[in-house]
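Only the coordinates and a few stated rules stand behind these numbers; no lab work does. All values reported here derive from a predicted model rather than from experimental measurement. FYI the Cβ positions are ideal-geometry reconstructions off the backbone, even for glycines, and counts take in every protein chain you see.
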Amino acid sequence: MQYAIELYFDEETEQKLYTLAKRVADEKLSTKFLEWKTRPHLTLACFNDVDEEKCIKLLREFVKNQKQMPAYIGSIGMFNDTRTIFASPVMTDGMYRFQRELHECLKDFDTKGWEWYRPNRWAPHCTLALTKEDDEDIFYKASDLILHEFKKMSGKFLSIGLVKITFPVKEIFTVELEA
């Protein structure tokens with residue numbers, strides 16, 4: 001089974017991002033992202049398999065030394081090969097450090113095949129639309145909609161969670177970062 005560690009926003013920022021994703025569905029362009037039933041997030045790491053109990057224990061220890069971080073979403077981006085549309089955070093040294101330390105904490109779990117979520121290769125993004133299974137023109141229409149409606153936003157990253165990558169996504173454990 002595949003797993004991910006996700007970084008979650010404060011409620012207001014999460015709602016703004018969700019509203020953008022929902023607009024794509026409301027306009028009858030694409031519903032695939034909403035079908036995954038996942039919260040707006042940044043994926044910090046992906047694993048081919050984990051011992052859930054061990055991972056939860058490690059995450060509890062990890063957050064003892066981690067603080068909430070500012071979240072500034074400043075732009076929209078796209079992965080053309082997968083026709084994914086996303087919001088991009090403005091990255092800070094603290095966010096890169098956080099992700100590196102998380103990987104070090106969870107180094108015993110298998111990350112093969114997930115190179116874009118590893119330190120020094122991470123492409124942080126918050127998915128808003130998944131259009132690969134839709135007609136190609138949907139990608140462009142959804143991109144246009146999001147580009148017109150997106151506004152820069154500021155908030156906080158408040159928690160991290162362990163999820164099982166199933167359809168829909170199953171949230172297994174979430175822990176708050178220190179204030």
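Before moving on, here are some points about what is shown:
- Under-5 Å amide H pairs with residue 9, H placed in peptide plane, nonlocal only: 158
- Couplings 3J(HN,Hα) of region 151-164, computed from phi: 10, 3, 9, 10, x, 9, 8, 10, 7, 10, x, 9, 10, 9 Hz, in residue order, whole Hz [Karplus 6.51 cos²θ - 1.76 cosθ + 1.60, θ = phi - 60°; x for Gly and Pro].
- Relative contact order of region 1-107, taken over Cα pairs closer than 8 Å and 6 or more residues apart, is 27 percent.
- Alpha carbon centroid spacing (whole Å) that separates region 1-73 from region 79-111: 11
- Loop-located GluC sites (Glu not before Pro) in region 69-138, at most 12 other Cβ atoms within 10 Å (DSSP): 133
- Residue-wise HN-Hα couplings along region 99-107, as the Karplus relation 6.51 cos²θ - 1.76 cosθ + 1.60 with θ = phi - 60° gives them from phi, are 5, 4, 5, 4, 4, 5, 4, 10, 4 Hz; Gly and Pro carry x.
- Gyration tensor verdict on region 47-125 (Cα atoms; rounded if a/c is under 1.5, prolate if a/b is larger than b/c, oblate otherwise): oblate
- q = 0.16 Å⁻¹, region 1-107: log10 I(q)/I(0) [Debye, one scatterer per Cα]: -0.88
- Relative contact order of the chain, defined on C-alpha pairs under 8 angstrom at six or more residues apart (%): 38
- Around residue 171: net Lys/Arg minus Asp/Glu count, Cβ-Cβ under 10 Å: +3
- Each Cα pair under 8 Å and six or more residues apart adds its sequence gap; the mean of these over the residue count of region 88-179 is a relative contact order of 16 percent.
- Listed residues 77, 155, 94, most fluctuating in the chain (Gaussian network, C-alpha, under 10 Å): 94
- Distance in nm between pseudo-label sites at residue 170 and residue 2 (7 Å out along the Cβ direction from Cα): 1.6
- Springs join every pair of Cα atoms under 10 Å in this Gaussian network model of the chain, and among 107, 151, 141 the largest mean-square fluctuation is at 107.
- The GNM of the chain, with springs linking C-alpha atoms under 10 angstrom apart, assigns the highest mean-square fluctuation among 140, 72, 18 to 140.
- 222 nm mean residue ellipticity, helices alone, for the chain (DSSP H n ≥ 4; -39,500 (n - 2.57); rounded to 500): -10000 deg cm²/dmol
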